[in-house]
Each structure stands twice: as structure tokens, then as C-alpha cells.
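Visitor: So that we are looking at the same thing, I have put the structure below in C-alpha cells.
Just so it is clear, none of the values below were taken in a lab; they were calculated from the coordinates. Small disclaimer: the values here were computed from a predicted structure and weren't measured. A quick note on method: Cβ atoms are made from the backbone with ideal geometry, for glycine too, and the neighbour counts reach across all protein chains shown.
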Amino acid sequence: MKDNLLGNFPSSLLRYLSKPLVNYSLSSLPSYVPSSLPSKVRINRMPSALIIIVSIALSACQSQATEKNMTNNLAITPVFTEFEQQIAEKMSLDIRYFCADINGKPSVPSSKHCRQAVTELPEELAQMISTSNVGGIVLFAENVQEIAQVVKLTDDIQQASIKSVQAKPLIISMDQEGGRVARFAKMTGFAGNMAIGASYAQNGTDFATQVNTIIAKELKALGINNNYAPVVDVNTNVDNPVINTRSFGESAVQVAELGVSAVNAIQSEGVMATLKHFPGHGDTHVDSHLGLPRVDHDRATIDKIDLAPFAWAIKHSQPAMIMTAHIQYPALDDSVFVSKSGDKLIRPATMSRKILTDLLREEMKFDGIIATDALDMAGVTHFFTDVEAVVETFVAGADLAVMPFKVRTPKDITDFYVFIKKVAKALTIRIVQGDYQLAEFEQSIARINRYKKQYIARPNESVAQQLQLANVVIANEEHLLTEQALASAAITLLKNKQVLPLNVVGVKRLHFVVANQQELVALTYATKRVLAKILPASEVEKINFSHLVADKVESTTNINTLLSKADVVIATLDIKTASLVDLGGMDDLTPSYGSAAQQQEKLTYATLLKQQLIQAAKLKTPSILIAKGSPFLISEYSELADAVLLNFDDRIYSTASEQAISPGFNASMAVIVNESKALGTLPVTLKN
């Protein structure tokens, strides 16, 4: 037995086994021990922890034959030990795409070519969920297209999970922050965290509570039990591409207060909230989807700014989850690791025991689930193999490895089963080496199950009843009114050269400059809607409208002619630093992302917009810019306009009658004609 099972074991452990033996009953050993062992096992009088370690090692060794068979035979059904099942329970996969085999043969050349969105749960994925005991599923925009479809999908996922050996529902997660990161377009969208921050001076935490309550209500109605929100990064870097308007602002105190309100609102509706991105992603200029950011703050600054919102939330609420960042913090952990390419680098927070265990778990007393940010991001994959990444983050103290392995084809499912076993084997070695304690692993499993029990229950209603509720809740009239209320409360006046409020009496022609047809429809609707409130119908009818739609540009002569006849120019601008977070993640890193064609399209509108604003100035025609997106990026446009209104990450949605509606345009036009006031206060400082 020693040669077959323990040949690679440390000699110090083998010496324990060579000492005088006594009879030891198998019933006293943990369930990790292989069932093939005899009913009585002779084991030395050793500490119980060591007995457990030996048991795990035996189990891991036994799984080698199964692993080899699985690699050679795609049709084999794997046999997982309890330890391996629990390893899988500490993983959360995305099922964004899946390409089934056709007539027993792959339908795509490789997994990276698969772009078949999963809107219905394929039998192969259902079987994978049941067989592997995986702990969570992450949904993306491709998975959530219609209300009825989402309700059915989440129900099918839970039904598959209940069929697993441990018969537990799993965590279904989604990024529904509001603003630039909102995966399901049919939900109430909201203007985002920076808009909430802009409303803070007048409204305090009211909108943080209202918005997140609604988001959670709608998620729960869809069967989604974990929201990867709120973002509580303090945005202190104007060049931050990945956080930006996702942050409540630059004040740590304000971010902390709004973050706690958001957490309490989400969890009051029975959905797990997730504070992110620990220990703080606010002062970075690198997108962790594409590289490994670094924050060089000293410890005093880290405590005062970066950690403050997390510490406040832990003290004043009970956040179910905190998500780690793939980010280096030398002041918190300056230890180095050797990457898979042989380079020596400072250990990122996701893989840092000093940061996740010593700081977050022990010093800050966080007792919720520690989840990683997506492990398929370049901040991880450039430096670690997929097995190393999971093992390193578990040893560091993470409970849940998010998106550690891509499953896109039936072959990937088999490879995932092998992956689970490889992680179990590698983690066993780290336990034997003393880098990680089995007790920590068991505490992690207990923690996950405690929060599952608190927040996840099998619905008593049928799918039809769940759908009926969802149709009542999702984007209902009350929720849309709250969305409009936030947009109106957040709108911020950045510049005004005696143009606003606009005296519309005597205005004969308004000229719009917009990026696309949808913006034109929404802006026209918002304008006529507000004019109807302040002018007689006969006066509204006398006002003519002209427009320049960037994606339907005619001749330069016609453009200039239209502008020359206008009394006022109203232009729109939606600008942000490109980040994969807007699209969803690393699966969007295709040749088309940030391609020359896309950049040229943006450049074309930027050029047209500037030309129109410059021409308006030459003609002494008042110009008003309605800006959406990052306040840090509009200076080159705002200096050309006479007045600038900022409404952050506004969206445009369609009503049942197909009318395009923009809450931000509605709020902007109301301010322009003095039907309401711009009361928002910019929660960040702009460059001079």
C-alpha cells in the first residue's frame, strides 16, 4: 500500500506510518477515505489532523486511475470523492456559450470559436451541474434575453443542481450594478453609481437604497440570488478605465455610506450582495481584464481611502460576499511569486494570504464569502496556469473561485472533471506541506452552505407562477419612475455661458447632433414632451427640428445649411474609456474589440461633433451639450459648447409601443427649458 498510494509522500509523514501500529476503525475516519479500504485500518497513534491529511492523500491517489480513464474516454461518468465534490462546490462557472457536438463530432474547431449563446440549458450542461456538484453559475447578457426565458433557465439550473450528490441549490450570479454594467436590458437600468453619488448632496443615501432595492427585487424574480454589486472602489484616478462611473465618487466616506445602503437594500430582498473589488481598484490606470494593476499607496492611505468602504460595510452591515481584485498592493503584501513564464512578480491580492486571510478575514473580521474576480482575466491567466490560479486563491483564503475554467463544448465538460481532480490533488499537496489547513477548507465549505441556506431556497411556485410574478415586477411603472427620478436628481450642470435656462419663446428651429437614430428618436421625444408642459400645443407645432445623425451623414453642404438655419444646437455625447467590463469579459476580446473600424466610428462622430460646435460658435448660435458617460473625458468637447449637462451612464430603452425613452434626455431637456433644476453635484474632481 505504501508503494502504490504513498510513493510521493513526504518521508516525514511516512515515518509516522512505520511506527508501531494499533487498530483504528474506518468509521472514525472522515468520509474522504476511499470506500475500497478494508473495514479496519491499522494507523499509528497520530494527531487527528494528520489522520485526515493521510485520508485525503489516499483519496487523491485513488482518483488518478479515474482521471486517466476520463482523459481517454469522453463518455465515462466520473466518480468524485467527497473532497473533490467540495472542491467543485467552491467554483462558479459561466455558461455564456455552448456548442454541442453534431452526430458525435465537434461542431466548432475549438472552444474559442464557440459563440452559441446559452439561453436554454443544454442537457450536457445540466448533466455537468448534477455530476460535478459545481457551486455556482454566472450569467451574462447572452444568457438573459427575455423574461420568460431567464425564469426557465434559472429554474432548470437549480433543478440540475438539486440532482447532484449533495442535492443543494447553487449560487446564480450576475453583474447588475446599473449604469455601464447591467447585463439584462429588460430590467430597470438606472444611471449608475456615479449618478447616485451626484445625488448624494441633495438626497443622501435615498437613491442608493431605492435603486438597489429595485435591482434586487427584479433579480430575485428572475431566479438570480447573487448580485455582483455594489462597487465600493473609491475613484481617485481620473484615468481609471475599469471603475470610472461605476464608483460612487472620490470621497471614501461618501462611498462607504452609499455602499452600506446598497448592501442592506439588496440583501433585504433576499439576494446576496457583493462588495467589490477588494482591497480597492479605484486608483489604477490598467484594466485587470488586460493586465495586472498596481496600487502604491502607503498603509495609512490604504486604510483611510481604499479599505474604508469595506471596513465600514463589514461593521454596519453583513455583506454576504466580497470580491477580490487581481491587483498588486505592495504595502499590504510585497512577497513575490514566479509566474508560469519564469518572471518574478509581486503577488496579486487574489492570491495573497496576507491580504485575504490576515487582513480581510482576521484583522477586518469579515465572515462572509470571499469570491475571486473572474479567473479568466489577463491579470491572472498571464501569470498562472488554471490549476495554479485556483489552488493559490484557495490557499490565500478565497471561498469561491469565479470562472476558473471555460466550458464551451462537450469535450470541455470532460476536461472540467479532470480539472476538478487536478485541483483536489494539488490542494492536498499544499495541505500536506502545511501551506493550508484542512480546517480552513471545511470552514469555507460551511460558510458557503450557511449563506446558501440563508439566501437560496427552491421556489415553491411553478415556472408559470414564477413567470407571472416576474412579469409584474420587472421594469414596472413604479420602477421606471424611480429610474427617471434618479436621472433627474443626478443631472449636473458643468458649464453655462448665459444660455440656460433656454427661452423657447421665439425659437423657430432646434438642431440636434446625435450619434445614431435611437438617440434622435429619444431626444426628439424628450424635447416635445417637455415643451408640451410649458407651451400651448399651437406654439410647439411652430418649432421645427433638424438633425445630424452621425451614422447617416449626408453632404457637408447640407450639414452646414441645416446648422445655419438653427436658433439653438443641442448635441449629445456618450463617452467612456473602453473596458471589457462593459461587454462582459474576456470572451469579448476578439479582433473586433477596439478594432480600427470601431475606433474610426468613434472618431467620425467625435470629429463631426467638434465641427458642429465650432461652426455654431462661428455663427453665434447657442450650443448645448448633453453628455453621458465619464466626466473625465469631456473637456475637449465641453470647451467648445456654451452649456454642458452631464447625466452619467444613462440608457435608452423601448416601451411596449416601441417608443425610445432616455431618462437622461428627459431630465436634460427639463433643465434646458427651466421645467426643473440641475441639482446634481459632481462627486469627482475634474482635471484643470
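Visitor: Can you bin the range 452-494 into rounded, prolate or oblate? Criterion: square roots of the alpha carbon gyration tensor eigenvalues sorted a ≥ b ≥ c, rounded for a/c under 1.5, prolate for a/b above b/c, oblate for the rest.
Guide: Here the range 452-494 falls in the oblate category.
Visitor: Shifting gears a bit: Using packing as a proxy for protection, rank 248-257, 105-114 so that the peptide with the highest average count of other Cβ atoms within 10 Å comes first.
Guide: 248-257, 105-114
Visitor: Under 5 Å between amide H atoms, partner at least 5 residues away or on a different chain: which partners does Asp574 have, H built in plane at 1.01 Å?
Guide: Lys628
Visitor: Determine, for each peptide in 78-88, 296-306, 120-130, the mean count of other beta carbons within 10 angstrom over its residues, then list the peptides with the highest first.
Guide: Sorting 78-88, 296-306, 120-130 by mean packing, highest first, produces 78-88, 120-130, 296-306.
Visitor: Taking Lys552 as the anchor, which lysines have their alpha carbon closer than 18 Å to its alpha carbon, excluding any fewer than eight residues away along the same chain?
Guide: Lys602, Lys610
Visitor: Based on the Cβ-Cβ distance from Asn449 to Asp551, what FRET efficiency comes out when R0 is 56 Å, to the nearest 0.05? Mind dumping the intermediate values first?
Guide: Numbers: r = 52 Å, r/R0 = 0.92.
E between Asn449 and Asp551, to the nearest 0.05, is 0.60.
Visitor: Quick check: from the Cα gyration tensor, does the range 333-391 come out rounded (a/c under 1.5), prolate or oblate?
Guide: Working: a/c = 2.97, a/b = 1.60, b/c = 1.86.
It comes out oblate by the Cα gyration axes.
Visitor: A follow-up question, please. Can you work out the Karplus-derived ³J(HN,Hα) for every residue in the range 118-134? Use 6.51 cos²θ - 1.76 cosθ + 1.60 with θ = phi - 60°, whole Hz, and x for glycine or proline.
Guide: Per-residue couplings from phi come out as 8, 10, 10, 6, x, 4, 4, 6, 4, 5, 4, 4, 5, 6, 7, 6, 4 Hz.
Visitor: Still on this structure: Can you sort Asp435, Asp574 by how many other beta carbons sit within 10 Å, fewest first?
Guide: Asp435, Asp574
Visitor: Something else about it: Using the Karplus curve 6.51 cos²θ - 1.76 cosθ + 1.60 with θ = phi - 60°, what ³J(HN,Hα) values do you get for each residue of the range 206-219, in whole Hz, with x for Gly and Pro?
Guide: For the range 206-219, the Karplus curve yields 4, 6, 4, 6, 4, 4, 6, 5, 5, 4, 5, 4, 6, 4 Hz.
Visitor: So which of Lys315/Lys453; Lys340/Lys421; Lys112/Lys576; Lys304/Lys628; Lys217/Lys528; Lys112/Lys168 end up more than 26 Å apart by C-alpha? All intermediate terms of the calculation are to be shown ahead of the outcome.
Guide: Values: Lys315/Lys453 22 Å; Lys340/Lys421 21 Å; Lys112/Lys576 28 Å; Lys304/Lys628 30 Å; Lys217/Lys528 33 Å; Lys112/Lys168 31 Å.
Pairs exceeding the cut-off: Lys112/Lys576; Lys304/Lys628; Lys217/Lys528; Lys112/Lys168.
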